[in-house]
């Protein structure tokens, strides 16, 4: 099963951490996917791209371009674009934390049909933000491909999505977090540049 293979890759790269974490969304949880650690192994990044391409095989002709937001998802998006033989573009945040399409890539995504790749999703806020930016360029996000859906399939997005790995990873607002109430120090690993 591909989910087991994906989980195995994350574990092999020490990309699955347990503790008390503050996520980009601001919520707290016990599991953290340090997905960027996979980038140390280009062979495994390319394997994840291959698996994503296989997952999208039935709809590959529905896309013109693969896009991904910086920074963590860039390597996965690029690997997927490579496996699908599609152009690639990426989004990034400016100095004020506002997401936009990377300079020099607008012509690739304007009026295009997009496969948007994201790494780990807790609330979907960054995906919604990316979709809004792409819609502003008259692009249509036809599908979202996720490395990890932390919502156990409960995620609601303005576009359909498929995930390589679906897990139920509880998260809490800081005022409801049981680990905060127990006085356990919180860690905020990684950073997307998103203002929280």
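The values are calculated or read from the model by the stated rules, or taken from the named source; none is laboratory data. None of the values given here were measured: they were computed from a predicted structure. Because the Cβ atoms are built from the backbone with ideal geometry, glycine has one as well, and the counts that use them run over all protein chains shown.
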Among the residues that make up region 56-64, is at least one of them closer than 15 Å to residue 164 by Cα, buried (at least 20 other Cβ atoms within 10 Å of the Cβ) and modelled with pLDDT of 95 or more?
yes
Check residue 104 against each of (1) at pLDDT below 95; (2) under 12 Å from the mean Cα position of the chain (by Cα) and name the one condition it does not meet.
(2)
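Residue by residue, here is whether (1) over 20 Å from residue 3 (Cα atoms); (2) part of a loop (DSSP other than H, G, I, E, B); (3) touching a strand residue (DSSP E or B) at 6+ places or on another chain (Cβ under 8 Å) holds:
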residue: 108; (1), (2), (3): yes, no, yes
residue: 117; (1), (2), (3): no, no, yes
residue: 126; (1), (2), (3): yes, no, yes
residue: 129; (1), (2), (3): yes, no, yes
residue: 133; (1), (2), (3): yes, no, yes
residue: 138; (1), (2), (3): yes, yes, no
residue: 144; (1), (2), (3): no, no, yes
residue: 147; (1), (2), (3): no, no, yes
Meets criteria (in a loop (DSSP other than H, G, I, E, B), crowded, with 16+ Cβ neighbours inside 10 Å and modelled with pLDDT under 95) for residue 155
yes
Kindly indicate whether any position in region 152-162 is without any contact (Cβ under 8 Å) to a residue 40 or more places away in the chain and closer than 15 Å to residue 56 by Cβ.
yes
